[in-house]
Each structure stands twice: as structure tokens, then as C-alpha cells.
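Structure first, then comments.
The values are calculated or read from the model by the stated rules, or taken from the named source; none is laboratory data. Remember, predicted model here, so these are calculated numbers, not experimental data. Cβ sites come from the backbone with ideal geometry, for glycine too, and all protein chains shown count toward neighbours.
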Amino acid sequence: MPAVADRLRAALGEAAVSTSESDLDARSHDTWPVATLWARLGRHPYRPEVVVRARGVADVVTTLRIATEAGVPVTAWGLGSSVTGQPLPVSGGVVLDLSGHVFEPRLDEVDRTVRVAAGTRGSDLEAWLAERGLTLNHSPQSLGRSTVGGWVATRATGQFSSRYGGIEDLVVGYQVVLADGTVAEVGQRPRAAMGPDLKEIFIGSEGTLGVVTEVTLKVYAEAPHRIVEAFAVPTVDAGLDAMRQITQAGLRPFLVRFYDRDEAAHAVPGREVPSPVLFLGHEGLPGVATAEHTAATAIVEALGGTSMGAPPVTAWLGRRYDFSTIERRLAETGGYAETIEVAHFWSRIGPMYRDLKDQLAPLADEVLGHFSHVYEQGSSLYVILLGRADDDKTALARLEEIWDRAMKVVVAHEGEVSHHHGGGLARQPWVRQSLGSGYPVLERIKAGLDPAHLLNPGKLGFGLAQPRDPEPPAV
């Protein structure tokens, strides 16, 4: 690797290439709770040997060409906000940091699109658009901690996806650099029938097929009217039925969040909440938003829901990017927390939810559940676990057991093992079971685009992610 580092410095400049211990350590942990505990225990099982700070597409091309010639793996890195270990370099090599690849967004007001660099921070882009009366309507909880390129690579979704869709619906096209340095533009104008949609190949590929460098996204005018309301709902089954009926009736709320009774106490703090709670919101032209909300309210009320008014939802909208509950727990010695998002059809998500709650209850002090992204055929399920152990080693073992047990339950119910956090390292053992007989198709695409398996090895089932330093000396 020293020779490769020297070649990179000669091509990119001294400032763009680092082998300092602090930079290597910083790129060996993302915000996956497991990685947080590794860091506190002084463990660096997945550590790069070189960090390259890309300042533009040319730097990405140069890095990939040098790495490919030398047979050195490359793992793309945005802001390290993944919660499943996606950007951790399991085979060492080069971490390609794209957070410095930014430029002034290029807005097309007629087509309502914006072109941005992959390193652009989500909150920076949203603020830039807000100054012009526009919005992405893409609002992951990590908006201020994640990049546009990361959204594409991980197939991210946002809190308003029930109306506006996930990143796959918001991306018009993008630029991607392949393993050998080839630069490709993929996308449609606005739809095409010339072969398969190549845009879909790299969305969610977690940097294993190519490195996304620029993205063209849809933008929207800020909604002129918004209505929000919370409802107490008698049971989880009634809430699921309400969401299903609303969606299948063709109504398009921008906000749908349904909390079970355990999480409702967190969603509506400082208020007695004896039942599950549904947050519902509609926006758009005043007459349309009002009509949709009236129709959705009738569905909820027919299933026993009663209004709690707008304040619980308004309060949540003001704190919806807050990670502090999980961060505070992880900051405690022996504290652990985890978030696991899965999905299933309406006909099967209830039983899967109940089985997950039952199976995970012994492993945490609190097991919370909510359903927050709805489709005509089904919904996501988001499970939050909070616990305390005697020490950090025990807490780490507990997190590993949580992942193993949760994935086994979801696979047994034939559900989707990930809804929007992707696979990363957390779900690496379950990729092949998740994709089933479709996995060989992905393998052949990988073989064609990255035959040497140099791009983010150890993810999406491509090679087993074995820690090189699983038990370092205690520090």
C-alpha cells in the first residue's frame, strides 16, 4: 500500500491523500451502534490503509484507475452516517471520501430539477432550495448528517415517502464512475422504453458496482397548505387497517406514522397515551388537501380512531431529526440501542410485528414499534430497542444477538429484511436469503462491472466480512 499511496499523492496532491492514524481510525467506524461500541472498546476491525479526499469527478476517476491497476479495494465514504456498517472497508485498502466533492447546485426551474455533487449534505441542499421556495420532499432523519450520493447508494427514503416516494422516485439521473474509471450518465427524460432502466442498477448498490458522483433530483414548490392531526387508535390491527384503506383508496398523505402503545409514549411525551397513536398529514392545494384529509379521517374514525388534534404532530415535526434518545443511551457505559427497519405485505405485517416484539422483548428494556412508510400492498415496520448491560462487551454481544434474532424472524415470515437502511455489515449474512433466486443476477452484474471485486468488498453478499482484528488488546 505505501507504493499506491505514493502514486495517489503524485496524481492528486499531498493534501488529498492521508495515512494518518487519526484519519484511518475515523473511517473505521460509522454510526452503526455496533461500530460505536467497537470504538469505545478500542476495536478497529475494518480499517483502511489510505484515505483519499476527492474534490471532484476527476479525483474519483484517478483513484479508481490507480487502485484497479494495483488490485487495491476502494470503499466510498460520504459522512459516515450509515447505521448498518455500509461504508466500513472490510478489506482495508482505500477509503474514497466524497464529502469534499461539492459545487453550487444547478437548478432548472422549468423542469423542476436540481443537479448536485454527491458530497452535498442533505440539509445544505434543502436550505439552498428553501431560499428559492422549493424543497426536495426527501427527509431522512439523517438529513443533516448524510450526503446525496449516500442516499442513492443506500436506496434511502424519507419521512414523507408515502406521498413523494423514496430516493428511487426522486432521482431523475446521475453520473457514476465504474471500477476501471469509466464515467457513465444514466437516467431517463422523463421516461424511456429503450431497454431496461439503467438508473436502477446503481441505486441501493452500496458502492459495490460504481461510485455515484453527481445526481439530478426532482424538486417541488413548497406546499401552499398543510393539515396535520393525531388520532388515538384502539389496536395495532385497527391502525394497520386504517393505513391500508387510506392508501388503497388512492389518498396520498404526506405523513403517515403509526406508533404502537409502547412507542406512543415517546411520540407524544408528557401526555397519557393509553393506546396506539396515528399521525396523519396532507398537503398541497387547499381544496385538495382538505378533501383528502376529510376522507382519510372518516376511515380512521370508522375503525375507532379519535382525534387528539394537531399539537402532537406539530411537536414531532419540530424534533423529527433528533437522535438524542439513542445517542444518550449509546454514550452510557453498557448502554445499547438499535433501530431495525423491515417491511411486508398488509396481509402479513401484523403477525411479523407481533413475533418480532415477542422474540426481542428479552433482549432489551424497551422494544418500540412504528409503521411509517405505506404502499398499496404493504408497509414498513421500524423497531427501536433500548437497553442497558453491565459493561460494553456485554452490550455488544446483546446487539449482535438482537440482529441475529430479528433477521431470523423476518426471514421466517418471508418479509423484507431491510426497508431503507440497506444491508451493510449488519445484514451481510442475510443478503442471499433476502434476494433468493434473484441473487445470481446480481452476481453476474457484479462480475461484469467489477470483476476483481474491488469496490466495497464484503457488502451485499460479495465475500464474507471477516474482521481482521476482532479482539485487539484492551485499552
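In the list Ala291, Ala230, Ala265, which residue meets the criterion of being free of Cβ contacts under 8 Å to residues at least 12 places away in the same chain and buried (at least 16 other Cβ atoms within 10 Å of the Cβ)? Write out each step before concluding.
Values: Ala291 fails: buried (at least 16 other Cβ atoms within 10 Å of the Cβ); Ala230 fails: free of Cβ contacts under 8 Å to residues at least 12 places away in the same chain.
From the options Ala291, Ala230, Ala265, the qualifying one is Ala265.
Restricted to the stretch 158-276, the set of helices (runs of 4 or more DSSP H) holding at least 1 residues that are closer than 22 Å to Ser379 by Cα and touching a Phe, Trp or Tyr at 6+ places or on another chain (Cβ under 7 Å) comprises 161-164, 167-170, 236-248, 261-267. Within the stretch 179-204, being touching a strand residue (DSSP E or B) at 6+ places or on another chain (Cβ under 9 Å) and crowded, with 19+ Cβ neighbours inside 10 Å holds for Ala179, Lys199, Phe202, Ile203. If you go through the stretch 121-141 one residue at a time, do you hit one that is at pLDDT below 95 and over 25 Å from Gln188 (Cβ atoms)? Checked the stretch 121-141: at least one residue is at pLDDT below 95 and over 25 Å from Gln188 (Cβ atoms). Among the residues of the stretch 101-122, those that are of a type outside the set (A, V, I, L, M, F, W, C) and buried (at least 16 other Cβ atoms within 10 Å of the Cβ) comprise His101, Pro105, Thr113, Arg115, Gly119, Thr120, Arg121, Gly122.
Close Cβ contacts (under 6 Å, 6 or more residues apart or on different chains) running from residues in the stretch 185-210 that are closer than 20 Å to Gly422 by Cα to residues that are charged (D, E, K, R) comprise Ile203/Arg155; Ile203/Glu168; Gly204/Arg155; Glu206/Lys459; Thr208/Lys459.
Could you list, in sequence order, all residues of the stretch 56-98 that are closer than 30 Å to Gly133 by Cβ and either outside the structural domain of Arg7 (by TED's automatic domain parsing) or buried (at least 19 other Cβ atoms within 10 Å of the Cβ) (or both)? Hits for the stretch 56-98 are Gly78, Leu79, Ser81, Leu98. Filtered by the rule that a residue be buried (at least 21 other Cβ atoms within 10 Å of the Cβ), under 17 Å from Trp346 (Cα atoms) and touching a Phe, Trp or Tyr at 6+ places or on another chain (Cβ under 7 Å), the stretch 377-416 gives Gly378, Ser379, Ser380, Leu381.
Of the residues in the stretch 436-464, how many are outside any helix (DSSP H, G or I) and not hydrophobic (A, V, I, L, M, F, W, C)? Residues meeting the conditions: 9. The C-beta contact set for the stretch 25-48 (first residue more than 17 Å from Trp77 (Cβ to Cβ) and in contact (Cβ under 8 Å) with a residue 40 or more places away in the chain, second residue buried (at least 23 other Cβ atoms within 10 Å of the Cβ) and of a type outside the set (A, V, I, L, M), distance under 6 angstrom, 6+ apart or interchain) comprises Pro33/Glu338.
Taking (1) in contact (Cβ under 8 Å) with a residue 60 or more places away in the chain; (2) within 30 Å of Glu341 (Cα to Cα); (3) in contact with a strand residue (DSSP E or B) (Cβ under 8 Å, 6 or more places away or on another chain) in turn, Trp77 satisfies each apart from (1).
Pairs are defined by a Cβ separation below 6 Å, a sequence spacing of at least 6 or placement on different chains, a first member in the stretch 419-430 that is among the aliphatic types (A, V, I, L, M), and a second member that is surrounded by fewer than 24 Cβ atoms within 10 Å (Cβ to Cβ); the pairs so defined are Leu425/Ala465; Ala426/Trp403. Do you know which residues across the stretch 77-117 are hydrophobic (A, V, I, L, M, F, W, C) and in contact with a His (Cβ under 6 Å, 6 or more places away or on another chain)? Residues satisfying the conditions are Val83, Ala117. In the set Thr213, Thr208, only one residue is under 20 Å from Gly150 (Cα atoms) and either out of contact with any helix residue (DSSP H, G or I) (no Cβ under 6 Å at 6 or more places or on another chain) or acidic (Asp, Glu) (or both); that residue is Thr208. Residues that are crowded, with 21+ Cβ neighbours inside 10 Å and more than 21 Å from Glu338 (Cα to Cα) occur in the stretch 3-11; there is at least one. Confirm whether Gly181 is out of contact with any Pro (no Cβ under 6 Å at 6 or more places or on another chain) and either in the same structural domain as His282 (by TED's automatic domain parsing) or within 26 Å of Ser418 (Cβ to Cβ) (or both). No, not satisfied.
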